[in-house]
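The next block holds one structure in the form of structure tokens; read it before the comments.
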Amino acid sequence: MIYDSFRRTSKSRNVNALGVRIGPTMLRKWLPRILIATALASLLALAQLNVTQKRWYKGNLHTHTLNSDGDSTPDQVATWYREHKYNFLTLSDHNHLTDIAGLNAVHAAKEKFLLIPGEEVTDAYDKKPIHINSYNPASLGIPRHGTSVADTIQNNVNEILSTNGLPSLNHPNFGWAVTAQDLLAVKGLGLFEVYNGHPAVNNDGGGGFQSLDEMWDVLLTAGQKLYGIGVDDAHHFKQIGREFSNPGKGWIQVRASELSATAIAAAIAQGDFYASSGVQLSEVTTAGSDYRLTIEGADWEKMTTYFIGDGGKVLAKTFDRTAVYHFTGKEHYVRARVESSSGGKAWTQPVFPAR
Ligand SMILES: [Zn+2]
Ligand SMILES: [Zn+2]
């Protein structure tokens, strides 16, 4: 039918791009080819659109194996995460960079599962544990020590950056080692663990020590641009219980264009992810004048979302499954924490609205 209507057009319109008059015979010969070419071009455009479309990938960035103090082999650990529908995993053994090529040859599947290189650069100052994870580095980072907690952190951050790794400060309250004060002057640190699933890391603070949420707000208020990740820090895959550091407790959902180490690391560095200990978000948007979350979960679950700004102040609180905050233009930063009645939480990243 398209051909018929095309045929009915006046002769003067049947002129190609070069201004050559096209007769009915030429039209009959070329039109099907033009239509096929147009259809192919449309398909190609659609395919390109799909390539640039982003999706969520679930991953755990902090895990141990027999290469340090874990109880299972790298293969067993990779199997656990792959079989539990994670999309990516970092084996972050203490001062050990696992060669993941062989593991990826066995476990990686396009757009489904990938191991990303990593290491827990493990140092201490005055018996306080200073552990900083390195993500997607080109080579092993070596603990560089220092003359104070802050100096030890800075030297190890510099070491990780020199190997092209992405540094992330682990479990600040483990051994009550790191305070917000220690981090105020640190440069080059873009990530820290706002949630760690190990039973001895004191995420909630106490006894005069700040919770990790409180520490985060102190640093953001002081002008640090810091994103918060959630991790397992799993060591135990063979014994399950409250006293063990088991898998499946903390993770991140990263929004990226593809499942590759480069794309995932870049999205994390830009804060295009959220941390979770049990709450799933299907959408997080901060475009325009709104900060908007869409919260998943069972019908019986009650959700409370806190939008938090300068000084840790709660700017807004809502029980809606679509949680929306309207920027006033006066905020220095806004982040959100969603708490489920079942105990899980999600932490979205701070946005810094232009004043
Ligand atoms: Zn550690
Ligand atoms: Zn660890």
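The values are calculated or read from the model by the stated rules, or taken from the named source; none is laboratory data. None of these values were measured; they are calculated from a predicted model. Using ideal geometry, Cβ is built from the backbone for each residue, glycine included, and neighbour counts are taken over all protein chains shown.
Here are a few things to note about the model shown:
- Tally of residues being assigned to a loop (DSSP other than H, G, I, E, B) and among the small types (G, A, S) across the range 292-319: 2
- Residue in the range 309-327 that is β-branched (V, I, T), closer than 23 Å to A256 by Cα and surrounded by 19 or more Cβ atoms within 10 Å (Cβ to Cβ) present: no
- Selection status of Y195, within 27 Å of A108 (Cα to Cα) and assigned by TED's automatic domain parsing to the domain that holds I100: yes
- Residues that are closer than 11 Å to F319 by Cα and within 20 Å of the chain's Cα centre (by Cα), drawn from the range 285-304: I295
- For the range 134-172, the candidate set comprises residues that are among the polar types (S, T, N, Q) and touching a Gly at 6+ places or on another chain (Cβ under 6 Å); within that set, the residue that is surrounded by the most Cβ atoms within 10 Å (Cβ to Cβ) is S134.
- Residue in the range 321-332 that is of a type in the set (A, V, I, L, M, F, W, C) and under 21 Å from Y57 (Cα atoms) present: no
A quick yes/no check of all residues on (1) within 30 Å of E258 (Cβ to Cβ); (2) basic (K, R); (3) in contact with a His (Cβ under 6 Å, 6 or more places away or on another chain); (4) in contact (Cβ under 8 Å) with a residue 40 or more places away in the chain:
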{"position": "L97", "(1), (2), (3), (4)": "yes, no, no, yes"}
{"position": "E111", "(1), (2), (3), (4)": "yes, no, no, yes"}
{"position": "P129", "(1), (2), (3), (4)": "no, no, no, yes"}
{"position": "I160", "(1), (2), (3), (4)": "yes, no, no, no"}
{"position": "L166", "(1), (2), (3), (4)": "yes, no, no, yes"}
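- Here is the figure for the range 111-129: residues that are away from ligand 2 (no atom under 14 Å from the Cβ) and farther than 16 Å from K58 by Cβ total 5.
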